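Trainee: One structure coming up, written as structure tokens, with questions to follow.
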Amino acid sequence: MTHTYRDPEARGQRPLAGLLLTLLVIPLLILPAVVRGGFSSGDALILAVVTILGLLVAGAVYRNQSFGVCSEIRLDDDGTCELETKRRVLRLHVHEIYAVRYHPETDESSESYEIRCKDGKLHVERTMTDFLDFVRRLKMLNPGVDLIRFPADAGFALERTDGAGIDVGRFIRSAFFPAVVVLLLIWVAVQNGH
């Protein structure tokens, strides 16, 4: 049986927004030169640099959204997996997926995931339908897959080996601070007792 997971929003994204923004900025850079009555070599240099940087950024955004964002996942019970982006389909076996990383929501970005496989990394948005079901099935078919930084309430047991799936630094800080406070309180109590 094939289980299909889709991100309805990934197909509607417009990767050429950076190119359009660049095309809108160029007239703003040309306007002062037109008002002054001509281009100086400095104006031409600034215009060329902004145009080149804009096109490079637009190209990088287009490449990432076309090849690096997963829009559909198809997982067969036999372990065959297809990861589809806008421009390609990666066909692989679940044993070729070695990790899935959870990225929590921050001020700069929304909650997301990252599938790591032999062919690279694919970004998965939180809008992917039933993505945790995919992760559960993946873990059943490939028990060796690392689930990195998944929250404890994700609904399935996570294997935690060598810090995979757990932030070791945060764990040490959370255990260390209360221990230091308790030791300080004991020391103060002992000093006041003398």
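Trainee: For a Förster distance of 35 Å, can you work out the FRET efficiency between the beta-carbons of Asp76 and His103, rounded to the nearest 0.05? Walk me through the numbers before you get to the answer.
Mentor: Working: r = 27 Å, r/R0 = 0.77.
Computed FRET efficiency for Asp76 and His103: 0.85.
Trainee: Next question, about the same structure. Which net charge results for the neighbourhood of Phe131, defined as the other residues with beta-carbon distances under 12 angstrom from its beta-carbon, given Lys and Arg at +1 and Asp and Glu at -1?
Mentor: On the way: positive: Arg6, Arg126, Arg136, Arg137; negative: Asp7, Glu72, Glu111, Glu114, Glu125, Asp130, Asp133.
Around Phe131, the charge tally is -3.
Trainee: May I pose another question? What is the fewest-to-most order of Glu105, Glu82 by other Cβ atoms lying within 10 Å of their Cβ? Numbers along the way, then the final one.
Mentor: Details: Glu105 10, Glu82 15.
The fewest-first ordering by Cβ neighbours comes to Glu105, Glu82.
Where a number appears in this text, it was derived from the coordinates with a stated rule and is not lab data. As the structure is a prediction and not an experimental result, all values here were calculated from the model. When we count neighbours, we look across all protein chains shown, and the Cβ atoms used for this are built from the backbone with ideal geometry, even at glycine.
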